[in-house]
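A.B. asks: The structure's right below; bear with me while I get my questions together.
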Amino acid sequence: MAADQEYFFIQKKDDDTLPSLTPDENTVDRHYSFEPQPYGAAPFMFSDGACEYARKLGIVPGTDIPDILFAGTDLVVRKHIRDLLIGLDLPGVYMHPAVFVDAYDRRHDDYWFVAIPERLSCWDRQLSEFEDEPLELGGFTLYSVYSYSLDAAVLDKIPLHQRLLFKMGDTLAAWFVCHQDIAEIFRGNGERGAKLVSIKDY
């Protein structure tokens, strides 16, 4: 299917030295993934929650912090990427200042958390492979999906500009998905801390 070739999952690059972000309690209490924050609200706070475990395994955390960081499947991006996304005027995409304290206790203030509260369920139930029994979590029905094929009937009803960037709905993973037209923002020749995985190759 053509759409499967046009879209990519945005995932963390395969590199054990990269940070895995953990929010502090205040950030968790603010439902950071789902609720747009009021203008002027305090930044979200993240630390490298896996660094001590990594060190026990003999993995030395990296000192060069990439442009794109991951808190689970959520994205935290540097200001210049945020500015590119703002310039696209994407509907339903919200960004809030974020601070990251790395494994060496260095504070990075130039990040922004990307939030998309409304998820888009556009994977084809006939062509995708998934676990038959879903989980009921927080009022949502979520599936473990093993391979994806996108549903053209769903996507074709939505103008392209409104689906350039979204979070996959009705899945446990809830990956960020981007269209090929904006893929280079996240790809950055592989140097931005993210990898793009084609839907058809997942």
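A.B. asks: Within the group ASP14, ASP48, which residue is within 20 Å of VAL177 (Cβ to Cβ) and either among the charged types (D, E, K, R) or open to solvent by 60 Å² or more (accessible area, probe 1.4 Å) (or both)?
C.D. replies: ASP14
A.B. asks: Please give the number of the condition ASP151 fails out of (1) open to solvent by 20 Å² or more (accessible area, probe 1.4 Å); (2) more than 19 Å from GLU6 (Cβ to Cβ); (3) among the acidic types (Asp, Glu).
C.D. replies: (2)
A.B. asks: Right, another one. Can you name every residue in the stretch 168-185 that is open to solvent by less than 20 Å² (accessible area, probe 1.4 Å), part of a helix (DSSP H, G or I) and either farther than 16 Å from GLN5 by Cα or among the β-branched types (Val, Ile, Thr) (or both)? Spell out how you get there, then give the answer.
C.D. replies: Filtering the stretch 168-185 for residues open to solvent by less than 20 Å² (accessible area, probe 1.4 Å) gives 168-169, 171, 174, 176-179, 182-183.
Restricting the remaining residues to those that are part of a helix (DSSP H, G or I) gives 182-183.
If the condition is that a residue be open to solvent by less than 20 Å² (accessible area, probe 1.4 Å), part of a helix (DSSP H, G or I) and either farther than 16 Å from GLN5 by Cα or among the β-branched types (Val, Ile, Thr) (or both), then ILE182 is the only one that fits.
A.B. asks: Moving on. For the stretch 93-125, which positions are free of Cβ contacts under 8 Å to residues at least 60 places away in the same chain, assigned to a strand (DSSP E or B) and more than 28 Å from LEU172 (Cα to Cα)?
C.D. replies: ARG107, HIS108, ASP110
A.B. asks: Do you know which residues across the stretch 1-48 are part of a strand (DSSP E or B) and of a type in the set (A, V, I, L, M, F, W, C)?
C.D. replies: Result: PHE8, PHE9, ILE10, LEU21, PHE44, MET45, PHE46.
A.B. asks: Regarding VAL99, is this residue at pLDDT 95 or above, under 17 Å from ASP24 (Cα atoms), of a type outside the set (Lys, Arg) and open to solvent by less than 10 Å² (accessible area, probe 1.4 Å)?
C.D. replies: Spelling it out, VAL99 is indeed at pLDDT 95 or above, under 17 Å from ASP24 (Cα atoms), of a type outside the set (Lys, Arg) and open to solvent by less than 10 Å² (accessible area, probe 1.4 Å).
Rundown of residues vs (1) touching a helix residue (DSSP H, G or I) at 6+ places or on another chain (Cβ under 6 Å); (2) farther than 25 Å from LEU18 by Cα; (3) free of Cβ contacts under 8 Å to residues at least 24 places away in the same chain, yes/no style:
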residue	(1), (2), (3)
ASP151	no, yes, no
LYS157	no, yes, yes
LEU164	yes, yes, no
MET168	no, no, no
ALA174	no, no, no
ALA183	no, no, no
PHE186	no, no, no
ALA194	yes, no, no
SER198	no, no, no
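A.B. asks: Moving on. Report yes if LEU165 is open to solvent by 60 Å² or more (accessible area, probe 1.4 Å), in contact with a His (Cβ under 9 Å, 6 or more places away or on another chain) and over 15 Å from SER33 (Cα atoms), otherwise no.
C.D. replies: In short, no.
A.B. asks: Let me ask something else about it. Output the residue which, of all residues in the stretch 18-33 that are open to solvent by less than 50 Å² (accessible area, probe 1.4 Å) and without any contact (Cβ under 8 Å) to a residue 60 or more places away in the chain, is farthest from ILE185 (Cα to Cα). First the steps, then the outcome.
C.D. replies: Here is the first cut: in the stretch 18-33, the residues open to solvent by less than 50 Å² (accessible area, probe 1.4 Å) are 18-21, 23, 27, 30, 32-33.
Restricting the remaining residues to those that are without any contact (Cβ under 8 Å) to a residue 60 or more places away in the chain gives 20, 23, 27, 30.
Numbers: SER20: 21, PRO23: 25, THR27: 26, ARG30: 28 Å.
Looking at residues that are open to solvent by less than 50 Å² (accessible area, probe 1.4 Å) and without any contact (Cβ under 8 Å) to a residue 60 or more places away in the chain, I get ARG30.
A.B. asks: Only one of ARG119, ARG106 is of a type outside the set (S, T, N, Q) and under 24 Å from ASP181 (Cα atoms); which?
C.D. replies: ARG119
A.B. asks: Okay, moving on. Looking only at residues that are more than 30 Å from ASP156 (Cβ to Cβ) and among the hydrophobic types (A, V, I, L, M, F, W, C) in the stretch 1-45, which one is nearest to the chain's Cα centre (by Cα)?
C.D. replies: LEU21
A.B. asks: Let me ask something else. Conditions first: (1) open to solvent by 20 Å² or more (accessible area, probe 1.4 Å); (2) over 23 Å from ALA2 (Cα atoms); (3) in a helix (DSSP H, G or I). GLY188 passes all but one, so which condition is the exception?
C.D. replies: Unmet condition: (1).
A.B. asks: Identify, from the list TYR111, TYR94, the residue that is surrounded by 19 or more Cβ atoms within 10 Å (Cβ to Cβ), modelled with pLDDT of 95 or more and under 20 Å from the mean Cα position of the chain (by Cα).
C.D. replies: None of the others qualify; the one that does is TYR111.
The values are calculated or read from the model by the stated rules, or taken from the named source; none is laboratory data. Please read these numbers as outputs of a predicted model, since none were measured by experiment. Neighbour counts run over all protein chains shown; Cβ positions are idealised from the backbone, glycine included. Side chains are part of the model used for accessible areas, which takes the heavy atoms of the whole protein and leaves out ligands, DNA and RNA. Shrake-Rupley method; radii C 1.70, N 1.55, O 1.52, S 1.80 Å.
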